[in-house]
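Accompanying notes for the structure given below.
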Amino acid sequence: MSNSGFGSYGSISAADGGSGGSGQLCERDAAPAIKTQRPKVRIQDVVPCNVNQLLSSTVFDTVFKVRGIIVSQVSIVGVIRGSEKASNHICYKIDDMTAKPIEARQWFGREKVKQVTPLSVGAYVKVFGILKCPTGTKSLEVLKIHVLEDMNEFTVHILETVNAHMMLDKARRDTTVESVPVFPSEVDDAGDNDESHRIFIRDEVLRLIHECPQQEGKSIHELQAQLCDLSLKAIKEAIEYLTVEGHIYPTVDQEHFKSAD
């Protein structure tokens, strides 16, 4: 169990770096013909939630919090109330009856999306995604979505959600104390939050690079303009990490990057 109060409720791994309804997160521009094989991507510490918790979460400086704890990668279970295919993604409306449906967007390349058939309206699905708020309305960027094969998955998800947020409550109570000298455990908690923020920044940088249609890729200056609340140092640190891990690669110079997928 992590010091932040979350357990490792699950992980998503895919040899090609992502997953969606058919195992692919998205279709991206082709990488160079010769490149080293990138490592598997693992999405860990996925927090089970219901839609009401996501829609009522607080957001500050692009960081989402549920009951005072930072969350990014979450899972929900619900029924598809609507689906709409756009030029490069499918938008589902997922309803778990705890609030109004939440939009969940599954991104593809422009050619790939033409070949994809949206999941059926009325189907019960489990969605793994990253919480976003691009236009003031909270939504999910889909990492993986699949139709439930057994309705027991719905029950299990409800139990996991209750357990996870009981742990959040306990973590919040444990940290709500009188002002006292900082103890090592509190330093550890701060470190966990810092690491969560770094992961969040990497996710944002990777998403913007992936969505860039330009042949030369996304420039650092463009990233800085779009992520204006982040420092140039933080963006460069994220780029360095993503490059070393094989998620992105430089193109025309050391200022432009494309996705390796």
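Please say if the stretch 68-154 is rounded, prolate or oblate, where rounded means a/c under 1.5 for a ≥ b ≥ c the square roots of the C-alpha gyration tensor eigenvalues, and otherwise the choice is prolate for a/b larger than b/c and oblate otherwise? Note, shape of the stretch 68-154 comes out oblate. Over 21 Å apart at the Cα level, from the set 126/170; 112/258; 65/132, are 126/170. Antiparallel beta bridges, as assigned by DSSP with both residues in the stretch 94-147, represent about 80 percent of the total such bridges.
With a simple spin-label model that places each label point 7 Å from the Cα along the Cα-to-Cβ direction, the separation between residue 110 and residue 133 comes to 3.2 nm.
Global size of the stretch 87-136: 12.1, 36 Å for Rg and Dmax (C-alpha atoms, Rg to one decimal, Dmax whole).
In order along the stretch 209-216, phi translates into HN-Hα couplings of 5, 4, 7, 6, x, 5, 4, 7 Hz, rounded to whole numbers, per the Karplus curve 6.51 cos²θ - 1.76 cosθ + 1.60 with θ = phi - 60° and x for Gly and Pro. Over all distinct Cα-Cα pairs of the stretch 60-118, the Kirkwood formula returns a hydrodynamic radius of 13.3 Å.
Length gained on full extension, residue 61 to residue 231: 60.0 nm, using 0.36 nm per residue less the C-alpha separation.
Only the coordinates and a few stated rules stand behind these numbers; no lab work does. Please read all numbers here as calculations on a predicted model, not as lab measurements. Methodologically, a virtual Cβ is constructed for each residue, glycine included, from the backbone with ideal geometry; neighbour enumeration extends over all protein chains shown.
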